[in-house]
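Inspection log for the structure reproduced underneath, given as structure tokens.
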Amino acid sequence: MKLVIMTQPTFFVEEDKIITTLFDEGLENLHLYKPGASPMYSERLLSLLPDTVYSKITVHEHYYLKSEYGLAGIHLDSPDKDIPKDYKGKFSRTCTDVNDLAMLKKKAEYVFLDNVFDDALTDNGKPSIAYDELTRAAKQGLIDKHVYALGGLNIDTIKEAKDLGFGGVVVCEDLWNKFDIHNELDYKDLINHFEKLRKAAS
């Protein structure tokens, strides 16, 4: 099962060092997600990373960064967002409805199914997907290696995602909560937690 780490939505001082260490520790897929931020900050972050990791990074906005830095691909944050004109590379996208999976995964490299293990009401105000709906989707073959679980992922829910047949999991808060961007410099706990997540997903 693939393990995807999504960045914090905001930039912070130690970010490039942490991301570089995560790649050193075996991270294979990072999603650069900085909604609403100036592209200048994303460029700066990328310029601070070793160029050997660019091919493992997918960008959510400012898609020109994909070709400029030789990134892995682009990510579309909704099921109806159009691929940029003349774009030829790999892309992935997010959806919140299991009924959209069959159509979306035909074209995308992989699809994030959002609101999977969130609490009753998710950050985007939509109810999380009921477990019986997920099991039904798994039985129908809608959930497979091209569908990654997003929302509420941690050590425990990674096992559930694996049992349901998801091809990958997308972790954000559960990892970044291990580091206080305002008060800490030592990110050892975050790296140790990444190791546990990696083992759970393997």
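Listing for the model above:
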item	result
In Å², nearest 10: area of Ser92 left accessible to a 1.4 Å probe	0
By average C-beta atoms within 10 angstrom, highest first, the peptides 44-51, 60-67, 180-187, 104-111	104-111, 60-67, 44-51, 180-187
Expected-Rg normalisation [2.2 N^0.38 Å, Cα atoms] applied to the stretch 1-155	1.06
Cα pair distances in the stretch 63-194, grouped into 10 Å bins until the bin that holds the longest one, percent each	12, 37, 32, 18, 2
Loop sites in the stretch 124-182: trypsin sites (Lys or Arg not before Pro), DSSP, at most 14 other Cβ within 10 Å	Lys145
By accessible area with a 1.4 Å probe, ligands and nucleic acids excluded, highest first: order of Ser55, Ser42, Ser78	Ser55, Ser78, Ser42
Descending semi-axes in whole angstrom, ellipsoid equivalent of the stretch 1-45, from the Cα gyration tensor	20, 13, 8
Per residue accessible area of the chain, 1.4 Å probe, in Å²	51
Alpha-carbon centroid distance for the pair the stretch 48-115 / the stretch 148-162, whole angstrom	20
Surface accessible to a 1.4 Å probe, Phe117 within the full protein complex, Å²	30
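The values are calculated or read from the model by the stated rules, or taken from the named source; none is laboratory data. Small disclaimer: the values here were computed from a predicted structure and weren't measured. All Cβ positions, glycine included, derive from the backbone under ideal geometry; neighbour counts span all protein chains shown. SASA here: full protein model, heavy atoms, side chains in, ligands and nucleic acids out. Shrake-Rupley method; radii C 1.70, N 1.55, O 1.52, S 1.80 Å.
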